[in-house]
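The values are calculated or read from the model by the stated rules, or taken from the named source; none is laboratory data. Small disclaimer: the values here were computed from a predicted structure and weren't measured. As a convention, Cβ positions derive from the backbone with ideal geometry for all residues, glycine included, and neighbour counts pool all protein chains shown. Ligands, DNA and RNA are excluded from the accessible area calculation, which covers all protein heavy atoms including side chains. Shrake-Rupley method; radii C 1.70, N 1.55, O 1.52, S 1.80 Å.
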Amino acid sequence: MQPWRCPGKPQALFSLPPPRWPVECEVIQETIEHIEWVPPEPEPFCPPMGPQQAPDTLGEEQGTVVYHSSPVLQGSCFTCARVGGAPGPLSSPAAPLKSPQDTTLVFESRFESGNLQKVIKVGPYEYVLTLRPDLYTAKHTQWFYFRVQNTRREPLYRFTIANMAKPKSLYGQGLRPLLYSQQDARSSGIGWRRVGTDICYYRGSAGEPPVFRLSWTVRFPHDGDTCFFAACYPYTYSDLQRYLRALAADPARSQYCTVRALCRSLAGNTVYLLTITGPGSVAGKRVVVVSARVHPGESGGSWAMRGFLDFLLSAHADAQLLRRLFVFKVVPMLNPDGVVVGNSRCSLAGRDPNRAYGTALPGSFPGVWHLRTMVQRVLAEQEVVLYCDFHGHSRKNNVFMYGCDAGGDGAGTRLRQRVFPLMLSKNAPDKFSFASCKFQVQKSKEGTGRVSMWRLGVSHSYTLEVAFSGSTLGGRSSHFSVEDLESLGRLLCDTLLDFCDPVPTKLQRCLVEADALLQRQMDREPGSGGSWSDVSPSELESSTSGSDSSVSDG
């Protein structure tokens, strides 16, 4: 793709081809878009039910299949893709209504980022749902996003997802699903909102591997409505393309930004690379590299990324200073194929690309291979002062970071690893938890972007983890809104200025504070003069709570 930038002049709409899908995937022709809305009040967590309060659900064998979208044969592998997915006429996975009085819900998920494989009606208003595993795998069931029609306002419905993969989830701590009503969007301007009562996350079958169930009850706002449920605010590949199209048409913002194709994905979708900096020479400028959506089911990372881009391309004085000081290399969606097909974790290679940085081949994991190669090329000429990869987390509240401390460096270097997250916690005290940050480099994480970039020589390399739920800090006990997620991007920019301030007052203060915190963890008195060079990272923190990975990819 040719870069575009024309200072001061509106850009012509550059070509953004529709998403390409594996040929096994059926895709409906309707365009799915949602309005943006911020609730007037924070949406509180729901009091969770314990596993002992799990609902009694009729056996699936006693129900009626009302939706079944033919799955890709497990064990197969990706072969080819085309715009629109499977050729030929679409099948009809939803059972037809028998009469106008039939109250059965009509389900659909064959749209971008949708995920629903099968639905069994086990009661008049009760449904058991099965999610589709990541394509070409038999696991990674977490992300869901589907449509229901033919709703009734009065009944209390119960939905139970029967094949969640992880033994622990924020649904057991008050997280609520998201609902979107088309009638409310059109008549009242209301978008995605948290819903659900009697939410329970519990172990299902006693077999191996174990599967877990998520159950909730809900009343729909209208009769005859079209509604959507989702695990987190959806942000699709087409949403990103619409953002880039608006950026290209904006004469103010586009003058600071060039867009290129970093590479093409396995399906042929473009992995976009944005370069953002101020006018003039880039010689001597340090580089900041930021990426998101290597895990497609972690859509909160895209909203944080959008907030980052909006602020960085704004007329704000701090944004102008950042563009003058740095060159930003931004990959807003590393795994577009996974986002398109509604995967939770994998690319079309059937594996987690964030475990493939060390061994990735361009033909199997093009996004991570080309990103790593680009950073290697930049490091040969310039300093990369920061790498940050945006993720979502399904088991821990708040926002936090994972950094890199292998234990072999001096105490000063190891303390400095903790300064950027500590500064971010001060800029976002109601969202960011420094106490939840981890810095141990585990062997199983060597293939991640964070560790790979650090091994290349990026001394400050982090994963930013954003909870699927919300914050328990600063008096909050409520879900993140889209506005909260976008604010994280601006706060990251603020923290970068603090971290690189030529007057090191804040830096020195945070170094002292980080030292005191570590001393306290080791039961030493602050100021006792103990050296950290002989203390292993495993001694500094518990290794029981790490990244949001599920079982090993093997």
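General observations
- Region 20-230: C-alpha gyration tensor shape, a/c 1.5 cut-off, then a/b vs b/c: rounded
- Extension gain, V282 back to S91 (0.36 nm per residue minus Cα-Cα distance, nm): 63.4 nm
- Crossing angle, helix 300-312 versus the chain [Cα axis fit, 0-90 degrees, rounded to tens]: 50
- Partner lysines whose Cα lies under 17 Å from the Cα of K431, excluding those fewer than 8 positions away in the same chain, are identified as K396.
- Using alpha carbons only, the radius of gyration of region 314-432 set against its Kirkwood radius gives Rg/Rh = 0.99.
- Nearest-ten-degree value, helix 366-379 long axis tilted from longest Cα axis of the chain: 10
- In this view, the solvent-accessible surface of D239, computed with a 1.4 Å probe and all protein chains in place, comes to about 40 Å².
- Heavy atoms of R323: accessible area, 1.4 Å probe, square angstrom to 10: 10
- Principal-axis analysis of the Cα atoms of the chain puts helix 505-521 at an angle of about 70° to the longest axis.
- Taking label points 7 Å from Cα along the Cα-to-Cβ direction, E381 and L325 give a separation of 2.3 nm.
- Aspartates and glutamates whose Cα lies under 16 Å from that of K118, excluding same-chain neighbours fewer than 8 positions away: E26, E60, E61, E108, E126, D134
- Pairs of Cα atoms farther than 30 Å apart, region 237-521, %: 26
- In this structure I32 has an accessible area near 40 Å², from a 1.4 Å probe over the protein heavy atoms.
- Cβ-Cβ FRET estimate between Q149 and A261, R0 fixed at 35 Å, reported to 0.05: 0.40
- Ordering D56, D223 by accessible surface, largest first, gives D56, D223; the 1.4 Å probe counts only protein heavy atoms, with every chain in place.
- Stokes-Einstein diffusion coefficient of region 252-389, Kirkwood radius over Cα pairs, 10 °C, 1.306 mPa s, in µm²/s: 103
- Placing pseudo-labels 7 Å out from each Cα toward the beta carbon at E446 and R509 gives an inter-label distance of 4.1 nm.
- Apportionment of accessible area to carbon and sulfur, region 399-470, percent (1.4 Å): 47
- Accessible area per residue, Å², region 20-230 with all protein chains present, probe 1.4 Å: 46
- The helix-based estimate of mean residue ellipticity at 222 nm for the chain, built from -39,500 (n - 2.57) per DSSP H run of four or more residues and divided by its residue count, is -6500 deg cm²/dmol to the nearest 500.
- Carbon plus sulfur fraction of accessible area for region 20-230, probe 1.4 Å, in percent: 52
- Sorting L309, L456 by solvent-accessible area of protein heavy atoms yields L456, L309, largest first, with a 1.4 Å probe.
- Sorting R20, R186, R153 on solvent-accessible area from highest to lowest, probe radius 1.4 Å, gives R186, R153, R20.
- Cβ-Cβ FRET estimate between S536 and C80, R0 fixed at 45 Å, reported to 0.05: 0.40
- A435-D198 FRET efficiency (beta carbon distance; Förster radius 45 Å; 0.05 resolution): 0.90
- Full-extension gain in nm, A315 to Q62, via 0.36 nm per residue minus C-alpha separation: 85.0 nm
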